[in-house]
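Notes follow the structure.
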Amino acid sequence: MRISTLFYTVKQGFVNIVRNKWFSLASIATISACLFLFGLFYSILMNFQHIVKTAEEGVSVTVFFDEDISEERIREIGDMIQKRVEVREVKYKSAEEVWEEFKEDYLEGYADGFPDNPLEGSENYEIYLNDVSMQSALVTYLESIDGVRQVNQSEITARMLTGVNALIGYVSMGIILILLAVSIFLISNTVTIGISVRKEEINIMKYIGATDFFVRSPFVIEGMLIGLFGSVVPLVSIYYIYTNVVVYINERFQVLSGLLNFLPVETIFSTLLPISVAIGVGIGLLGSIVTVRKHLRV
Amino acid sequence: MPGKKRTRKGTGESKDIIVLDNVSKAYSTGAPALNGVSIKIRKGEFVFIVGDSGSGKSTLIKLLLRELTPTSGTIWVNGQDVGRLKHRKIPKFRRNLGIVFQDFRLLKDRNVYENVAFAQRIVQVPVREIKRNVPAILSTVGLAGKYKAKPKQLSGGEQQRVALARALINKPSILLADEPTGNLDPKNSWEIMKLLEEINQGGTTVLVVTHNREIVNAMKKRVVTMKKGVIVSDEEKGEYIDED
């Protein structure tokens, strides 16, 4: 292809957008609306997942040992636990550390009357998991280890978090499917409107000997540009809305600040930006290719 | 010609630029639009195809443009078997045919210059040459001063001249004109016919499908008359024959 032909093709893509400005605006608006909703739900879901993940990180399983256990055996058990795939972190707490923590948390200045450590034998491993849903499997394993007296777990929290995680998965899948269906419906409508505008033009081009490629290229460029513009609008809006909403919630609901740990906008956009642009350009590209292909056989 | 390459070059018949050999075209319903049509048109000829509605004229043009393929028979244009042309070869084939329609078929949102230049852009003529060729062809058709006008700002006659300029700019060997004066008043019709005659005198084969009895009778060219899908007469310096 000649450089001048390439330049002409790209220029025609832009010119087409301006020429059919109402059709272009309708298409941009359709793509924008879908991607705006997508971005909104994506941001919410990402934060939900982040909050759940943070909560999960605090969930631990505690392992206590038989009274006559040797320190060497405790180390062995520690090594065995550390090797498990579901385990993220293992922390050893000696009986003295447990007593110190207990004094700090509950007795404050009233612990002086205890000459010895009343929590002797309470040394333990605090185990943090990669995935809370694996907790029961790990507990079964821990209980089978020789030298383990007791395993404490927060079953309710783990179950709830596993449930929330699954729910988030289903909800996001459902929302994405609905948005996809809506965008396909809206785009097929706007594309159908566009067909009547272009049908004659495509016919003329074909009659005077234009190749399929030559006819298709400006429309494809046009579709990609519409998709690109259609993705930029919601991205800018979401960036603005997100930063303001996070600031607003943090200021107005300071009580919740410990619970609601929002993701920074940069983290959201590091994935939302490429996904949105790819979806926008992809929809525009696909829409224009399908539309023009229908009318190429002249 | 089974087993042989489908070309007529060097066969001694190369003076025939269009050859239809027993061509029929049937649509899914009704009588065939063309029924066993055979005709030869020589290079540089000026031929009128006349006939009433339903005579098969439009089908003939569509077959020559390879918009349709024949149900049976063979069509040769410029030495190529049109019916066997692959889809990807159609654009190149059409660039050797200039085509003019009754309804002009100009790109409405582009000006005169762009409409004509477009035909050169699709064959990838360098911009420098396009800038030289378009004004030249526009002055040939008498529209040098109107290159910036949009089609809707032009009269029917002027629009048809733009269509003619577009059809001619790539120097086609054949010009097909489908009812070129159908939407024009007598004065403009005659001007367009004069232009077609000039083009023909330059060596281009011209095939005009028309209803216009006055023009056909006055121009004293070869006239092929069609009726219900068959050729009923084919005369050098012929006249328009009434159906009844």
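The values are calculated or read from the model by the stated rules, or taken from the named source; none is laboratory data. Worth saying up front: this structure is predicted, and the values here are computed from it rather than measured. Using ideal geometry, Cβ is built from the backbone for each residue, glycine included, and neighbour counts are taken over all protein chains shown. Note: areas computed on protein heavy atoms with side chains; ligands, DNA, RNA excluded. Shrake-Rupley method; radii C 1.70, N 1.55, O 1.52, S 1.80 Å.
For peptide B:125-131, what's the mean number of Cβ atoms from other chains within 10 Å of each residue's Cβ? Please list the in-between numbers first.
Numbers: counts 3, 4, 6, 1, 0, 1, 0.
Counting Cβ atoms of other protein chains within 10 Å of each residue's Cβ and averaging gives 2.
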Over segment B:51-119, what is the mean sequence separation of C-alpha contacts under 8 Å (at least six apart), divided by residue count, expressed as relative contact order in percent?
18
Between exposed trypsin sites (Lys or Arg not before Pro) in chain B, where DSSP calls loop and at most 12 other Cβ atoms lie within 10 Å, what's the longest gap?
B:149-219
What distance in nm separates the two pseudo spin-label positions at B:Lys187 and B:Ala26, each 7 Å out from Cα along the beta-carbon direction?
5.0
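Please list, by residue number, every one of the GluC sites (Glu not before Pro) in segment A:64-155 that is coil in DSSP and has at most 14 other beta-carbon atoms within 10 Å.
On the way: sites: A:Glu67, A:Glu71, A:Glu72, A:Glu76, A:Glu86, A:Glu89, A:Glu96, A:Glu97, A:Glu100, A:Glu101, A:Glu104, A:Glu108, A:Glu120, A:Glu123, A:Glu126, A:Glu143, A:Glu155; in loops: A:Glu67, A:Glu86, A:Glu108, A:Glu120, A:Glu123.
Answer by residue number: A:Glu67, A:Glu108, A:Glu120.
Protein chains only, probe 1.4 Å: how do B:His211, B:His87 rank by accessible area, largest first? Please report the intermediate quantities before stating the final value.
On the way: B:His211 85, B:His87 55 Å².
The ranking, largest first, comes out as B:His211, B:His87.
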Provide a whole-number value for the mean count of partner chain Cβ atoms within 10 Å of the Cβ atoms in peptide A:14-25.
1
Modelling each spin label as a point 7 Å along the Cα-to-Cβ direction, I'd like the A:Met160/A:Lys53 distance in nm, to one decimal.
2.1
Taking placed amide H atoms and a strict 5 Å upper bound, the residues 5 or more places from B:Lys43 or on another chain that come that close are B:Asp16, B:Ile17
Which residues make up the longest stretch of chain A clear of chymotrypsin sites (Phe, Trp or Tyr not before Pro) that lie in a DSSP loop with no more than 14 other Cβ atoms within 10 Å, not counting the sites?
A:111-252
What is the distance, in nm, between label points placed 7 Å from the Cα along the Cα-to-Cβ direction at B:Gln201 and at A:Val18?
4.3
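Just the number please: accessible area per residue for the protein assembly as shown, 1.4 Å probe, all protein chains included, in Å².
Details: 28470 Å² over 542 residues.
For the protein assembly as shown, the solvent-accessible area averages 53 Å² per residue.
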Leaving ligands, DNA and RNA out of it, work out the accessible area of A:Met46 with a 1.4 Å probe and give it in Å² to the nearest 10.
40
Please list, by residue number, every one of the chymotrypsin sites (Phe, Trp or Tyr not before Pro) in segment B:12-111 that is coil in DSSP and has at most 12 other beta-carbon atoms within 10 Å.
B:Tyr27
What is the calculated FRET efficiency for A:Ile168 to A:Ala278, with r their C-beta to C-beta distance and R₀ = 25 Å, to the nearest 0.05?
0.65
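For the interface of B with A, what's the total buried accessible surface in square angstrom, probe 1.4 angstrom, rounded to the nearest hundred?
Values: alone 12700 and 18090 Å², together 28470 Å².
Chain pair B/A: roughly 2300 Å² of buried accessible area.
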To the nearest 500 deg cm²/dmol, what mean residue ellipticity at 222 nm is calculated for chain B from DSSP H runs of n ≥ 4 alone, each contributing -39,500 (n - 2.57), summed and divided by the residues?
-9000 deg cm²/dmol
Can you give me the span-like helices of chain A, meaning DSSP H runs with 18 Å or more of Cα extent along the axis and Kyte-Doolittle mean at or above -0.5?
A:3-19, A:21-57, A:155-207, A:212-252, A:265-294
For B:Lys62, counting only lysines whose alpha-carbon sits under 21 Å away and dropping same-chain residues fewer than eight positions off, the answer is A:Lys199, A:Lys206, A:Lys294, B:Lys25, B:Lys40, B:Lys43, B:Lys86, B:Lys89, B:Lys92, B:Lys171, B:Lys227, B:Lys228
Given a Förster distance of 56 Å, report the FRET efficiency between A:Thr140 and A:Phe185 from their Cβ-Cβ distance, rounded to the nearest 0.05.
0.70
Calculated from backbone phi, Karplus (6.51, -1.76, 1.60) coupling profile of segment B:26-37 in Hz, x at Gly/Pro
10, 8, 5, 10, x, 6, x, 6, 10, 9, x, 7
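Of all the stretches in chain A, which is the longest one without any exposed loop site, taking trypsin sites (Lys or Arg not before Pro) in a DSSP loop (any state but H, G, I, E, B) with at most 14 other Cβ atoms within 10 Å? Numbers along the way, then the final one.
Details: sites that count: A:Arg2, A:Lys83, A:Arg297.
That would be A:84-296.
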